[in-house]
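To keep things clear, I will list the structure first and then write my remarks on it.
Every number in this text was worked out from the coordinates using simple rules, so none of it is lab data. Here the structure is a predicted model, which is why all the values come from computation and not from measurement. Note that we place each Cβ from the backbone using ideal geometry, even for glycine, and neighbour counts take in every protein chain shown.
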Amino acid sequence: MPYHHTPLQCRQQPRAAALLMATALAASLLCQSVQAQQPGDGPAAAAITARLLAQRLEWTPAAPHGRAVLRIARDGEAPRQDIVLRSPLVFSLQDTPLPDGRYTYELTLAPTTSAVRTDDATAALVPAAPVGPGGAMFSGNVSVAGGAFVLPPDVPPRGEVGAADNSSATAPTTRAGTRMSTKDQVVADDHIVQGSVCTGFDCVNGEGFGDDTLRLKENNTRIGFWDTRIAPFPNNRWTLVANDSASGGASFMGIEDVTGAKFPARWQAGAPANSLYVDPQGRVGIRTAVPVLDLHVVSNDTPGLRQEQSNVSGFTAQTWDIAGNEANFFVRDVTGGSRLPLRIRPGAPHSSLDIAGNGNVGMGTPRPQASLNLRRADGSGTLLVDNTTTAASAARVQMELQNNGAIAARLAHGTGTAYWTQHATGSAFSLAPSGSGSNALSMQAGGGLVVAGTLSQGSSRTLKHDISPAPVHTVLGEVLNLPLYAWRYLSDLNASLHLGPMAEDVHHRFKVGASPQTLAPSDVAGLAAATVQALHQKLAAKDEELLALAERLSALERQLERNRGGAR
């Protein structure tokens with residue numbers, strides 16, 4: 001037989017002449033049946049009814065609601081993944097088996113009208129319309145043994161409770177098999193008790209009170225606050241609850257909002273000392289009785305704060321942790337695989353990251369002088385953009401400066417006036433020294449390079465290897481046959497004419513240069529030097545030949561002169 005828990009009906013019951021006290025009578029199983037009451041109503045209308053079977057846990061809300069989200073966790077373990085429930089609201093062990101143990105669950109009913117997020121900078125949540133009776137959260141405890149829910153034993157009635165008619169009719173009660181008749185007592189005047197008071201079925205003659213002034217003693221203790229005023233006066237009904245009513249339920253002290261059908265505050269038995277402590281200055285301590293700041297959290301391992309957005313209202317679920325320990329202070333993206341997008345290590349220097357009131361960001365300085373100001377006093381200030389992807393090598397833009405006009409970057413020596421300025425426009429890039437009205441170097445968009453001074457290439461013996469004499473005579477022969485052309489660059493058809501060989505011809509004939517499409521100035525100069533040397537050698541040989549001919553001519557002239565003198 002399934003155990004079916006029906007909505008609880010309550011009425012006001014003064015217990016003793018000593019006190020007028022409303023004690024909420026409960027008959028529940030491992031889950032809770034919560035009820036909502038309105039002033040002037042008849043019997044309380046249940047907001048939700050729970051029904052426990054061996055393999056199923058069912059809930060029946062009394063009012064319309066959106067979807068429901070169930071979170072369930074075994075004692076001492078993290079919650080399982082949230083389960084979205086549709087009508088009817090049923091959790092089945094056949095669909096989701098649970099290991100044996102005791103579990104706490106939270107069932108959240110979405111409002112009948114979902115909230116919408118504003119577009120302002122605060123990204124606050126505002127209701128699109130008045131929220132209906134949904135949107136409540138209910139919690140309870142269940143136990144699983146042998147693959148089935150543990151059902152509570154049949155509990156003999158402690159009292160036959162009628163409708164909540166607020167009358168003073170006598171309610172017969174049953175306790176330990178003995179039927180007792182009691183009568184309500186009404187005291188129409190102040191009632192002063194100079195000793196302690198015990199109320200409940202288990203109070204005995206000669207009760208030892210210890211330090212108790214007021215004691216509730218029986219198997220289901222509750223203190224109810226039923227405000228009988230009529231709206232617009234405040235009239236919410238509250239109950240101080242000690243422990244679940246059902247066998248195997250949780251031990252706790254809680255404050256139940258009876259009208260709202262929820263527990264806004266709850267302390268589980270076994271919670272550590274000073275789980276919540278407020279000092280005379282209003283500072284709140286979590287597990288500490290000596291809070292130093294407005295909120296002071298103490299933990300043996302990684303005190304933290306979890307910020308969790310559920311998907312009950314239709315927004316994407318997201319969970320963040322903010323925590324710290326001896327290794328780091330961090331922000332953890334729990335939903336995103338527990339990544340740590342922000343970490344601060346112990347010992348980080350003062351103002352490691354400092355955001356000024358004007359939005360400037362300082363790194364190592366509390367007074368940033370630019371949008372991003374990096375400062376180091378020990379000479380360690382560096383900037384590294386390190387792309388460590390394991391994907392195939394590819395060209396990537398790793399630094400970019402954008403402006404709606406010309407862009408300038410300054411390279412300064414110390415804090416003095418010596419610096420170089422890089423300028424970039426849509427058509428040129430230039431480099432100019434401080435105090436100069438002209439560029440030392442300018443590169444045009446078409447590839448043209450203008451150098452105001454000397455262009456030097458590395459040509460030291462210390463920079464070279466495989467050094468061997470050049471075959472200058474071979475070079476000369478190839479240069480004599482090297483075609484020369486007049487041309488303009490395609491990147492600047494309006495530029496003046498240029499004269500020279502094609503890189504492809506030079507590369508084919510002399511096998512110099514890194515590419516058939518380029519010529520190095522040093523290679524061109526080398527070819528010119530080799531040509532000059534070869535021509536010089538040829539001219540020197542011609543000079544020697546001419547000198548020898550001149551000497552022979554001189555000898556012949558002398559011989560002719562002597563012959564003419566002998567003939568006379």
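What is the percent of Cα-Cα separations in the stretch 283-363 that go past 19 Å?
Numbers: 1873 of 3240 pairs.
That tail contains 58 percent of the Cα-Cα pairs.
Could the peptides 302-311, 382-391 be put in order, highest first, of the mean number of other beta-carbon atoms found within 10 Å of their residues? Walk me through the intermediate numbers first.
On the way: 302-311: 13.5, 382-391: 6.0.
Ranking the peptides 302-311, 382-391 by packing returns 302-311, 382-391.
Between ARG396 and ALA148, what FRET efficiency follows from the Cβ-Cβ distance if R0 is 51 Å, with the result rounded to 0.05? Kindly include the intermediate steps, with their values, before the conclusion.
Working: r = 59 Å, r/R0 = 1.16.
According to the calculation, E is roughly 0.30.
With no solvent and one point on each alpha carbon, what is the Debye value of log10 I(q)/I(0) for the stretch 409-568 at q = 0.13, 0.15, 0.16, 0.21 Å⁻¹?
Relative scattering, expressed as log10 I(q)/I(0), comes to -0.90, -1.04, -1.10, -1.35.
List the extent of the Cα atoms of the stretch 356-417 along each of their three principal axes, largest first, rounded to whole Å.
The principal-axis extents, from largest down, are 42, 34, 29 Å.
So what is Rg over Rh here for the stretch 524-565, counting just Cα atoms and using Kirkwood for Rh? Show your work: numbers first, answer last.
Numbers: Rg = 18.1 Å, Rh = 12.6 Å.
Result: Rg/Rh = 1.44.
For the ranges 72-81, 139-148, what's the packing order if you count other beta-carbon atoms within 10 Å of each residue, average per peptide, and put the highest first? Walk me through the numbers before you get to the answer.
Working: 72-81: 12.1, 139-148: 17.2.
Answer by packing, highest mean first, reads 139-148, 72-81.
Mind checking the full-extension length gain between ALA62 and VAL193? Use 0.36 nm per residue of separation minus the Cα-Cα distance, one decimal, nm.
On the way: separation 131, 0.36 × 131 = 47.16 nm, distance 4.32 nm.
That works out to 42.8 nm of additional length.
Just the Kirkwood number for the stretch 340-475, please: inverse of mean 1/r across all distinct Cα pairs, in Å, one decimal.
Values: mean 1/r = 0.0490 Å⁻¹.
Final number for the Kirkwood radius of the stretch 340-475 is 20.4 Å.
What base-10 log of the normalised intensity I(q)/I(0) is obtained for the stretch 184-296 from the Debye formula, alpha carbons as equal point scatterers, at q = 0.11 Å⁻¹?
-0.59
Over the Cα atoms of the stretch 254-296, what is the Rg over Rh ratio if Rh follows Kirkwood? Before the final figure, lay out the partial values.
Values: Rg = 13.0 Å, Rh = 11.7 Å.
In the stretch 254-296, Rg relative to Rh is 1.11.
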